[in-house]
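The values are calculated or read from the model by the stated rules, or taken from the named source; none is laboratory data. From a predicted model like this one, the values you see are computed outputs, not experimental measurements. For neighbour counting, all protein chains shown are included, and Cβ atoms are generated from backbone atoms with ideal geometry for every residue, glycine included. All accessible areas refer to the heavy atoms of the entire protein, side chains included, with ligands and DNA or RNA removed. Shrake-Rupley method; radii C 1.70, N 1.55, O 1.52, S 1.80 Å.
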Amino acid sequence: MRLNQYISHNSKYSRREADRLILDGRVNIEKRKATPTSILQEGERVFIDGKYLKPKDEENYTLIIYHKPKGELVSKKDDRGRRTIYHSLSSQYAHFVPVGRLDYASEGLLILTDSKKVATKLMQSELERVYLLKLNGSITQEMITAMQEGLSLEDASKGAHQKSTITSMEFSAFVDFAIIKNTRNYSKLKVCITEGKNRELRRFFAHFGREVLDLKRISYGFASLNALPCGKSRFFNKDEYKALHQFMKQKD
């Protein structure tokens, strides 16, 4: 494992911050010099400002649920100075990593954990993600058919971020959906999918000329937002941890 990756994984620092610590001479590897390209060997110990950086126990992990509001980035920092989730979260969660993303204009359930192993397995899983959506127009039969059967787009740039390099995209059939309101001016629906592709729902509905006005994730697998206020966080409860442990055993 690269030194900056090891520091990021086992501390509150990002990889970029770890590189700066190394260049500033604040990081030492036992018995040899530390550089940004150093590869750690098994058993080697790392020190930051003379203090031993103890590796985390991967079997001991913590998860929280954060109700992300609109207008926050799921990122450590932003080069444009926009607010990130870490401005709102307590400093004790500065080293936690998010499970997937919610874009700047979206809100809802975001899981964060101090274990990258857990985060990776959750992100790569086919756990159901449930969203509430509001669109600027009616839901047509063509859209219903695509939700039922899936969709393949050579040009999936509509609804994407302007800097996205993703062009084509495959959309699996939705696990489930329910139309809550359907009028000429706007519509509301609840959808369940098992993927977490880049702006997947925004791209899907943009293909039919619909803009997603509101997007709120209310559950992710065995974790639910419930009545958690916007901008607040909570620890996983007993039932969520039990389901997570079963999930991790299956994946291992």
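For the range 1-102, what is the accessible area per residue in Å² when the probe is 1.4 Å?
Working: 5970 Å² over 102 residues.
Spelled out: the 1.4 Å probe surface of the range 1-102, per residue, equals 59 Å².
How many angstrom lie between the C-alpha centres of the range 74-125 and the range 171-204?
About 23 Å separates the Cα centre of the range 74-125 from the one of the range 171-204.
So, counting K/R as plus one and D/E as minus one, what does the shell of residues with Cβ under 12 Å around ALA18 add up to?
On the way: positive: ARG2, LYS12, ARG15, ARG16, ARG20, ARG26, LYS76; negative: GLU17, ASP19, ASP24.
Taking every other residue near ALA18 into account, the sum is +4.
Where both partners of a DSSP beta bridge lie in the range 1-91, what percent of those bridges are antiparallel, to the nearest 5? Show your work: numbers first, answer last.
Working: 7 of 8 bridges.
Among the beta bridges of the range 1-91, antiparallel pairing accounts for roughly 90 percent.
For every other residue with a beta carbon closer than 11 angstrom to the beta carbon of ARG199, add +1 if it is Lys or Arg and -1 if Asp or Glu, then tell me the sum. Intermediate values should be presented prior to the final figure.
Values: positive: ARG101, LYS158, LYS197, ARG202, ARG203; negative: ASP103, GLU200.
Taking every other residue near ARG199 into account, the sum is +3.
Note the direction-averaged projected area, equal to a quarter of the hull surface, for the Cα convex hull of the range 109-252, in nm².
10.0
Using the scaling law 2.2 N^0.38 Å as the reference, what is the normalised Cα Rg of the range 61-110?
Numbers: Rg = 10.3 Å, N = 50, 2.2 N^0.38 = 9.7 Å.
Here the Cα radius of gyration is 1.06 times the empirical estimate.
Could the peptides 46-54, 97-105 be put in order, highest first, of the mean number of other beta-carbon atoms found within 10 Å of their residues?
Details: 46-54: 12.7, 97-105: 18.1.
Ranked by mean Cβ neighbours within 10 Å, highest first: 97-105, 46-54.
Given the pairs LYS163/LYS232; LYS68/LYS116; LYS181/LYS216; LYS76/LYS121, which are separated by over 18 angstrom at their Cα positions? All intermediate terms of the calculation are to be shown ahead of the outcome.
On the way: LYS163/LYS232 30 Å; LYS68/LYS116 20 Å; LYS181/LYS216 16 Å; LYS76/LYS121 21 Å.
Where the Cα-Cα span goes over 18 Å, the pairs concerned are LYS163/LYS232; LYS68/LYS116; LYS76/LYS121.
Write down the percent of antiparallel bridges among all DSSP beta bridges whose residues are both part of the chain, to the nearest 5. Intermediate results must be reported in sequence, preceding the final value.
Details: 43 of 46 bridges.
The antiparallel fraction comes to roughly 95 percent.
Take the eigenvalues of the Cα gyration tensor for the chain, scale each by 5, and report the square roots as semi-axes in whole Å, largest first. Show your work: numbers first, answer last.
Working: eigenvalues 293, 78, 58 Å².
Over the Cα atoms of the chain, the semi-axes work out to 38, 20, 17 Å.
Please compute the length gained on full extension between ARG80 and THR140, using 0.36 nm multiplied by the number of residues separating them and subtracting their Cα-Cα distance. Walk me through the numbers on the way to the answer.
Details: separation 60, 0.36 × 60 = 21.60 nm, distance 3.83 nm.
My answer for the length gained is 17.8 nm.
More than 15 angstrom separation, counting every C-alpha pair in the range 1-47; what % is that?
That fraction is 30 percent.
Which FRET efficiency value, to the nearest 0.05, do you get for ASN237 and ARG101 by plugging their Cβ-Cβ distance into 1/(1 + (r/R0)^6) with R0 = 25 Å?
Details: r = 24 Å, r/R0 = 0.94.
So the FRET efficiency works out to roughly 0.60.
Within the accessible area of the range 68-126, what % is carbon and sulfur when the probe is 1.4 Å and the other protein chains stay in place?
On the way: 1260 of 2720 Å².
That fraction is 46 percent.
Work out how far the C-alpha atoms of the range 1-124 reach from end to end along every principal axis, then list the three figures in whole Å, largest first.
48, 34, 24
Which value in nm describes the separation of the simple spin-label points at SER164 and GLN250, placed 7 Å from the Cα toward the beta carbon?
For the pair SER164/GLN250, the computed spacing is 2.9 nm.
List the equivalent ellipsoid semi-axes of the range 41-183 in whole Å, largest first, each obtained as the square root of 5λ for an eigenvalue λ of the Cα gyration tensor.
37, 18, 16
Just want the answer: with Cβ charges of +1 for Lys and Arg and -1 for Asp and Glu, which residue in ASN136, PRO98, SER125 is farthest toward the dipole's positive end in the range 37-146?
About the Cα centre, the residue reaching furthest to the positive side is ASN136.
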